[in-house]
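Chemist: Pasting in a structure now, in structure tokens, and then I'll have a few things to ask.
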Amino acid sequence: MLTDKEIAEIEEHIKHYPRKQAAVIEALKVVQAHRGYVSDESVKDIADFLEMTPDEVDSVATFYNLIFRKPVGKHVILLCDSVSCWIMGYENVRDHLKKKLNIDLGQTTQDGEFTLLTIPCLGACDRAPAMMVDNDLHGNLTAEKIDEILEKYK
Amino acid sequence: MERPLTERIRPGETNWLADYQKAGGYEGLKAALKMTPREVQEVVKQSNLRGRGGAGFPTGLKWSFVPLGDDAPRPKYLIANGDEMEPGTFKDRLLLEGDPHQLIEGMIISAYAIQAEVGYIFLRWAYKKAEHVINKALAEAYQAGLLGKNILGSGFNFDLYLHTSAGRYICGEETALINSLEGKRANPRAKPPFPQTSGLFGKPSIVNNIETLCNVPHILHHGPDWYHSISHSVDGGTKIFGVSGKVKNPGLWELPLGVTLREVLEEKAGGMREGLKFKGLLPGGASTDFLTEQHLDIKLDYKGVEQAGSRLGTGTMIVLDDQTCVVGMVHNLEQFFAQESCGWCTPCRDGLPWTRNILWTIENGQGKMEDLEILEGMTKTLAPGNTFCALAPGAMEPLQSALKYFREDFERHIKEKRCPWRS
């Protein structure tokens, strides 16, 4: 079931479009903002609410990189793996994060704190290598800097 | 005023409505509202403003295909493309975070020129600060009567909304963006019909890049002659150029169109870091052809870069140094394109992963000389006209030029059965 708060937020987005199905991406993001990810049940709930089939909603949900169809950790690390960051040392940063968190790309730490994902170019190429943790951008990454940043989220 | 787009922007700060108006903001809108929509289009045509998102299509001409008059289908839509996901590109972020009203003013004027009633700013998910800034600036603009009904008493109505994406590179392609705004998978659409006559929700629609729209207020405020006077080229105006990679001073600079590549690379970006030599660069994002040492004195405008065998693209350059492996770099690029292919058409969906896999094989010392022929063949199979949209042809640009200028590096990997750049 969608909560009243979720429904109110989705309805706010629906106002911006001539048909409510256009707000499906926003609806997925609203649910994800409240629940961390979009479950099969949420896909059905959104479909009911927007008068779509669950398959239609899921075809959209699975198309976009940042709709999570599986549970993620409390904090999501999005590490840029595009060309400028690659030139500036992405591989070292990636290896440091994997070792530090003891997980591979796409996994969540055992304590449920961090999920480590890659993301295409973050548009922070003059501060490469770069990553986002939740909504915050961090650039000019080094192993030491990453250690400091992760401390802040614990 | 030689840097109209960025001279008001201070690092880390945002110009809100009062700051923007104090610096002459919304004067262009007042000038535009005294003209007819066709006259506004004519001014922009005379300025020779060309799209800053990569393709370089003349903006005034693009607008002129939208039906005007009482029998035109309604509502019409204006969409700002702020899905900045081209690797190596970080210019629109500056405009969105630093001076939101410049974009909003540009959108109101552009909407007036095509008589659009509704606008969307399509913003990529990752630009969280920009999202916050735009939302606040939109509220300011509504409160000041700059958006909504009867703007500044002109009788013109325009509603503007922010749409934040859920992340996918193909959303930058205008027909894919339109599908995404309709709440669908962002597959590109067949053209024709072109969006100008049948776009968002089947209505006439224009999609313009953020930087393009930010030029419009200044053109209307100061006129096309002034716009030409600040350029060193037949193309009007300035361009935000950017440099990333192992240079001394990576960053963004607004410069006249027609400055030389050397000026940007050496004077602005400070040249290469100590101990490194310049080897080549992609002049306008990931989907442009490499340029090398021999091209450093070319003029950076649409024609100048094209004559050198590449494209101005987004104007944000990615520099390759002599200690970075070009095969590894191109592999990274093709990995990006393979991942971001929407999967709609077969050459792109199958060709890009195949290309990436071959490059990975070569990079890991298991390539054969015949692989280079397959790669050459791929650049022809995925050439413009063979795919649904420009994603795969764009992906072939760095590959075909790398094979042309740095073939020796590919061959060394194959002969030495390893990457010579990795110890």
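Each reported figure results from applying straightforward, stated rules to the coordinates on display, with no laboratory input. Predicted model, so just to flag it, every value in this text is computed and none were measured. FYI the Cβ positions are ideal-geometry reconstructions off the backbone, even for glycines, and counts take in every protein chain you see.
Chemist: One residue is enough: does region A:97-107 have a residue meeting the conditions within 13 Å of chain B (Cβ to nearest Cβ) and surrounded by 15 or more Cβ atoms within 10 Å (Cβ to Cβ)?
Modeler: no
Chemist: While we're here: Select from region B:401-423 the residues that are crowded, with 22+ Cβ neighbours inside 10 Å and closer than 23 Å to B:Arg349 by Cβ and list them in ascending order.
Modeler: Across region B:401-423, the qualifying residue is only B:Ala402.
Chemist: List the number of the failed condition for B:Gln143; all other conditions in (1) within 14 Å of chain A (Cβ to nearest Cβ); (2) touching a helix residue (DSSP H, G or I) at 6+ places or on another chain (Cβ under 9 Å) hold.
Modeler: Failing condition for B:Gln143: (1).
Chemist: Do you know which of the residues in region B:171-180 that are more than 9 Å from chain A (Cβ to nearest Cβ) and in a helix (DSSP H, G or I) is surrounded by the fewest Cβ atoms within 10 Å (Cβ to Cβ)?
Modeler: Filtering region B:171-180 for residues that are more than 9 Å from chain A (Cβ to nearest Cβ) and in a helix (DSSP H, G or I), the one surrounded by the fewest Cβ atoms within 10 Å (Cβ to Cβ) comes out as B:Asn179.
Chemist: To continue, here is another question. Which of the following residues is crowded, with 22+ Cβ neighbours inside 10 Å and polar (S, T, N, Q): B:Asn150, B:Asn208, B:Asn135, B:Asn187?
Modeler: Values: B:Asn150 fails: crowded, with 22+ Cβ neighbours inside 10 Å; B:Asn135 fails: crowded, with 22+ Cβ neighbours inside 10 Å; B:Asn187 fails: crowded, with 22+ Cβ neighbours inside 10 Å.
One residue alone meets the criteria, B:Asn208.
Chemist: Can you tell which of B:Thr238, B:Thr314 is within 25 Å of B:Val216 (Cβ to Cβ), buried (at least 22 other Cβ atoms within 10 Å of the Cβ), polar (S, T, N, Q) and away from chain A (no Cβ under 14 Å)? Don't jump to the end; show me each part of the working.
Modeler: Numbers: B:Thr314 fails: away from chain A (no Cβ under 14 Å).
Selected residue: B:Thr238, the only one of B:Thr238, B:Thr314 that is within 25 Å of B:Val216 (Cβ to Cβ), buried (at least 22 other Cβ atoms within 10 Å of the Cβ), polar (S, T, N, Q) and away from chain A (no Cβ under 14 Å).
Chemist: Looking at region B:67-87, can you tell me whether even one residue there is polar (S, T, N, Q), in contact with a strand residue (DSSP E or B) (Cβ under 6 Å, 6 or more places away or on another chain) and not in a helix (DSSP H, G or I)? Walk me through it before giving the result.
Modeler: Restricting attention to region B:67-87, the residues satisfying the condition of being polar (S, T, N, Q) are B:81.
So of that shortlist, the ones also in contact with a strand residue (DSSP E or B) (Cβ under 6 Å, 6 or more places away or on another chain) come out as B:81.
If we keep only those that are not in a helix (DSSP H, G or I) as well, we get B:81.
Yes, some residue in region B:67-87 is polar (S, T, N, Q), in contact with a strand residue (DSSP E or B) (Cβ under 6 Å, 6 or more places away or on another chain) and not in a helix (DSSP H, G or I).
Chemist: Moving on. Please go through region B:71-106 and pick out each residue that is within 11 Å of another protein chain (Cβ to nearest Cβ), out of contact with any Asp or Glu (no Cβ under 7 Å at 6 or more places or on another chain) and of a type outside the set (Val, Ile, Thr).
Modeler: Those that are within 11 Å of another protein chain (Cβ to nearest Cβ), out of contact with any Asp or Glu (no Cβ under 7 Å at 6 or more places or on another chain) and of a type outside the set (Val, Ile, Thr): B:Tyr77, B:Asp83, B:Met85, B:Glu86, B:Pro87, B:Gly88, B:Leu94, B:Leu96, B:Glu97.
Chemist: Exactly one of these conditions fails for B:Lys129: (1) farther than 17 Å from B:Cys214 by Cα; (2) facing chain A (nearest Cβ under 9 Å); (3) in a loop (DSSP other than H, G, I, E, B). Give me its number.
Modeler: Of the numbered conditions (1) farther than 17 Å from B:Cys214 by Cα; (2) facing chain A (nearest Cβ under 9 Å); (3) in a loop (DSSP other than H, G, I, E, B), the odd one out for B:Lys129 is (3).
Chemist: Another question, if that's okay. If I go through region A:113-154 residue by residue, how many of them are outside any loop (DSSP other than H, G, I, E, B), within 11 Å of chain B (Cβ to nearest Cβ) and farther than 27 Å from B:Val247 by Cβ?
Modeler: 1
Chemist: Based on what the data block shows, is B:Ala338 touching a Phe, Trp or Tyr at 6+ places or on another chain (Cβ under 8 Å) and either assigned to a helix (DSSP H, G or I) or among the β-branched types (Val, Ile, Thr) (or both)? Before the answer, list the steps.
Modeler: Working: touching a Phe, Trp or Tyr at 6+ places or on another chain (Cβ under 8 Å): no; either assigned to a helix (DSSP H, G or I) or among the β-branched types (Val, Ile, Thr) (or both): yes.
So B:Ala338 fails the test.
Chemist: Within region B:51-61, how many residues are surrounded by 24 or more Cβ atoms within 10 Å (Cβ to Cβ) and out of contact with any Asp or Glu (no Cβ under 6 Å at 6 or more places or on another chain)?
Modeler: In the first step, residues of region B:51-61 are kept if they are surrounded by 24 or more Cβ atoms within 10 Å (Cβ to Cβ); the result is B:52-53, B:59.
After this cut, where a residue has to be out of contact with any Asp or Glu (no Cβ under 6 Å at 6 or more places or on another chain) as well, the list is B:53, B:59.
Within region B:51-61, residues that are surrounded by 24 or more Cβ atoms within 10 Å (Cβ to Cβ) and out of contact with any Asp or Glu (no Cβ under 6 Å at 6 or more places or on another chain) number 2.
Chemist: Hey, any hits in region A:74-82 for a residue that's surrounded by 15 or more Cβ atoms within 10 Å (Cβ to Cβ), within 13 Å of chain B (Cβ to nearest Cβ), farther than 30 Å from B:Phe201 by Cα and in contact with a Pro (Cβ under 6 Å, 6 or more places away or on another chain)?
Modeler: Yes - at least one qualifying residue is present in region A:74-82.
Chemist: Show me the helices (runs of 4 or more DSSP H) found entirely inside region A:2-73 where at least 2 residues are at the interface with chain B (Cβ under 9 Å from one of its Cβ atoms) and at negative phi.
Modeler: A:24-35, A:54-61
Chemist: Listed residues B:Thr379, B:Thr355, B:Thr361; which is over 28 Å from B:Arg93 (Cβ atoms), in a helix (DSSP H, G or I) and within 23 Å of the chain's Cα centre (by Cα)? Write out each step before concluding.
Modeler: Values: B:Thr355 fails: within 23 Å of the chain's Cα centre (by Cα); B:Thr361 fails: within 23 Å of the chain's Cα centre (by Cα).
That would be B:Thr379, the only listed residue that is over 28 Å from B:Arg93 (Cβ atoms), in a helix (DSSP H, G or I) and within 23 Å of the chain's Cα centre (by Cα).
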